[in-house]
Amino acid sequence: MLLISFSIQIKTTAKEGMWIPATLKAHEKDMKAEGLEIPIDKIYNENGTGLNNAVVLFGRGCTGEIISTKGLVLTNHHCGYGSVQGFSNTENDYFANGFWAKNMKEELPCKGLTVTFIRRMENVTDKVLAGIGDTIRDSIRDTLIAKRISAIEKDYMKSTGMDASIKPYFKGNQYWIAITQTYKDIRLVGFPPNGIGAFGGDVENWMWPRHTGDFSMFRVYAGQDNSPADYAATNKPYNAESFFHINVSGYKEGDFTMVYGFPGTTEEYISSYALKQVYSIADPISIACRTRKLDVWSKHMDLSRETFLKYTSKRAGVANGWKKWQGEVAGLKVNDVMGKKQAFEKSFQAWAVADKAADYAADLLPQMRTAAESMDQLLTEDLYNREAAFGVELISQGAALENVIKCFRLNLSGDALTDTLKKVMKGMEWFSKNYDAATDKDVFISLMTVYFTKNAYSLPPYFKEQYLAHGQDIINWAYDIYNTTLLASQEKLNTFAENAIPADSTKILKDPAWQLYNALNILRKGKIVAALNDYNARMKYLNRLYMKAQMEKNKTKVFYPDANLTLRVSYGQVKGLKPDGPAKYSYQTTLGEVVALDDSTSDIFKVPKKLKELYRTRDYGRWGVNGTMPVAFLASNHTSGGNSGSPVLNSKGELIGTNFDRAFEGTMSDYYFDPNRCRNISVDIRYTLFIIDKFGGAGWLIDEMDIAGGSQKAKVKSKK
Ligand code: ARG
Ligand code: GLU
């Protein structure tokens, strides 16, 4: 037993952790020992001058950093990708050609995109939980808590004039409020072509060495008083008091680094029973289904540029999870994380049984085990439903036909019916614009083949009937579906709306897309959803107490809360990766290595001509280092999905890079952080500036920034 708690001590001293900025003071000594050279209250404070005011939640799941007084935001290429898709078509192909505004007037407003600032965070646990016992039934407890949360949020909104939102931390053992401001007029400023910003594509994704210039730039616009406002041509660039100063002097292995951003989800304190569900159910099934879907998509995308443009963003999303999970399974295995969890649980159990004060904890693990094991089968089925059946776009989009049916229920006729239907059809335009029925038909064929073999005993009755009715021939069945459904094209949908009479509701009820969707829905509602909800509620309760107990068991350890898409700071070092002994990898890649990978026949390894020319002439301006151009670097900061676009800072809090990925060997860090294998990958800020300046010809943006170090002296900037 001694051995186990010893190994846990070691884990604590490694640079694992994603810390709440408002609690960083507790780490000041350690951070200073590691190399930090600025006071903690520069990183975070509540008077408006802290760096927390320069880190933003970009969209719904990425991070961005403010890099000028005029609201310029730097984030990842893959974080801007979805917005750029809105402007891209075969004539205006920003993915192929890039986009660089020449002045503010040319910046493109991005509908729906938001940027959120975190002004302040406060621990409100006492306010939320006062008088609410740990072991009251969750149904009662949750209602009480929800009421309090909404009352407290309202109070804070009133007193601050800003938004306020409370989230649970440590599985509901703590609550923190964030005072935030969300800006809604965000415009595209710069976007390198895919040959730079997505270089290496899914082949290099989640891997080191890496050669991607994964960055893009936007600008936050504000209303007259610098507050959030809806888009208006008269809005002004957001006037940022706090922004990141850039340093281009570089770094060396071992240098202190911090990552400041919004990691989304981690489960570091998970039980072995729940981890087993990830490791041997969720990951393998999802990987297998997505392999099939990606094979089909890629085949069709290679054949047509139009299909490529429709699916490129979707493919990146699907492939991203697919590859990460492969790294995760491998990393969990190599580290024997299951074994480590089991060993910890043994010691936990011994403590819980022996320690009187831990009475409540003695039964937690056995209960978790029973709950988890009784869910394994249903979870398996549901994964096939989600990844194989709903993985077909036509089936998931069947949900939209539900809205069409609702129109008919309003008992309208004539123009009233047509107009209402047209509105609903309009809502499907985005789907249609990015949909290719021939591609999806092949996905259907491929995924239904797995669905029918692996999930044979739990198929929705309608699926079975249809399969039999089509002579057990999935291809024949698919042909029928895609010929009949209204979802096959926007024209079909619009024509239907145009000519609809009240009796046409039956046409929708007979549409195969709706039928497939509906059959799955009935099955899930009847058998799965309620059981899953019960299970999740049960686990939420047990996990809350298990977390509390883990913290009580080890009172000297400083715990960090699992990621929950709130602002965090991780710190570590610039560090190479050589998990298998001999120095195999360096900690930095260069433009020379990018050009060496150039392949004009490949969609993802084709280096833009202009970039090759800049390389040939070594025309790096002030951004190069003795004739080389750094591209990406590795460091040992604990990051997760959501940290994309996060500022990577040096010991003085200056910007040296933009985080965009993790190395394959360490993607299991969402469950277990191994300091030998877990690395975050960043674009070197010098590469970003070089691309903006020399490749994009957008020097006017460089003039806005505050840049120190490098071969030329930094300009002195007047701060407005
Ligand atoms: N793996 C990175 C992240 O999780 C980058 C994803 C985008 N790149 C890609 N090739 N799909 O977001
Ligand atoms: N690319 C990830 C993102 O979108 C960050 C990489 C990671 O998961 O570490 O947030």
Failed criterion for Lys548 (all others in (1) outside any loop (DSSP other than H, G, I, E, B); (2) over 30 Å from Glu122 (Cα atoms); (3) not aliphatic (A, V, I, L, M) hold): (2)
The stretch 61-81 residues that are closer than 22 Å to Asn564 by Cβ, paired with ones that are among the charged types (D, E, K, R) and away from ligand 2 (no atom under 11 Å from the Cβ) (beta carbon under 8 Å, 6 or more apart): Thr75/Glu65
Pairs with Cβ under 6 Å, 6+ apart, first in the stretch 245-272 and over 18 Å from Ser669 (Cβ atoms), second acidic (Asp, Glu) and assigned to a loop (DSSP other than H, G, I, E, B): His245/Glu654; His245/Asp706; Asn247/Glu654
Residue that is at pLDDT 95 or above and closer than 30 Å to Ser374 by Cβ, where the choices are Ser242, Ser227, Ser286: Ser286
Cross-chain or 6+ apart pairs with Cβ under 6 Å, the stretch 496-521 first and under 21 Å from Pro460 (Cα atoms), then in a helix (DSSP H, G or I) and open to solvent by 70 Å² or more (accessible area, probe 1.4 Å): Pro512/Thr484
Cβ-Cβ under 9 Å pairs, at least 6 apart or on other chains, the stretch 301-327 side over 17 Å from His77 (Cα atoms), far side open to solvent by 40 Å² or more (accessible area, probe 1.4 Å) and acidic (Asp, Glu): Met301/Asp603; Asp302/Asp603; Phe308/Asp302; Phe308/Asp603; Trp322/Asp202; Lys323/Asp202; Gly327/Glu665
Single unsatisfied condition, Leu332 versus (1) within 16 Å of ligand 2 (Cβ to nearest atom); (2) more than 30 Å from Glu552 (Cα to Cα): (2)
Residue that is open to solvent by 10 Å² or more (accessible area, probe 1.4 Å) and polar (S, T, N, Q), where the choices are Asn643, Asn659, Asn676: Asn676
Single unsatisfied condition, Glu393 versus (1) closer than 21 Å to Tyr435 by Cβ; (2) open to solvent by 60 Å² or more (accessible area, probe 1.4 Å): (2)
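If you scan the stretch 174-200, which residues turn out to be within 12 Å of ligand 1 (Cβ to nearest atom) and open to solvent by less than 20 Å² (accessible area, probe 1.4 Å)? Don't jump to the end; show me each part of the working.
In the first step, residues of the stretch 174-200 are kept if they are within 12 Å of ligand 1 (Cβ to nearest atom); the result is 194, 197-200.
Gly197, Phe199, Gly200, listed by residue number.
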Count of the stretch 245-293 residues which are open to solvent by 10 Å² or more (accessible area, probe 1.4 Å) and either within 30 Å of Thr449 (Cβ to Cβ) or assigned to a helix (DSSP H, G or I) (or both): 17
Members of the stretch 485-508 that are exposed (fewer than 15 other Cβ atoms within 10 Å of the Cβ) and closer than 23 Å to Ser446 by Cβ: Ser489
Subset of the stretch 41-78 [within 13 Å of ligand 1 (Cβ to nearest atom), in a helix (DSSP H, G or I) and either open to solvent by 20 Å² or more (accessible area, probe 1.4 Å) or within 22 Å of Thr160 (Cα to Cα) (or both)]: His78
Boolean, Lys102 is surrounded by fewer than 13 Cβ atoms within 10 Å (Cβ to Cβ), at pLDDT 95 or above and touching a helix residue (DSSP H, G or I) at 6+ places or on another chain (Cβ under 8 Å): yes
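The values are calculated or read from the model by the stated rules, or taken from the named source; none is laboratory data. Since the model is a prediction, treat every value here as computed from it, not as a measurement. When we count neighbours, we look across all protein chains shown, and the Cβ atoms used for this are built from the backbone with ideal geometry, even at glycine. Side chains included, ligands, DNA and RNA excluded: accessible areas come from the protein's heavy atoms. Shrake-Rupley method; radii C 1.70, N 1.55, O 1.52, S 1.80 Å.
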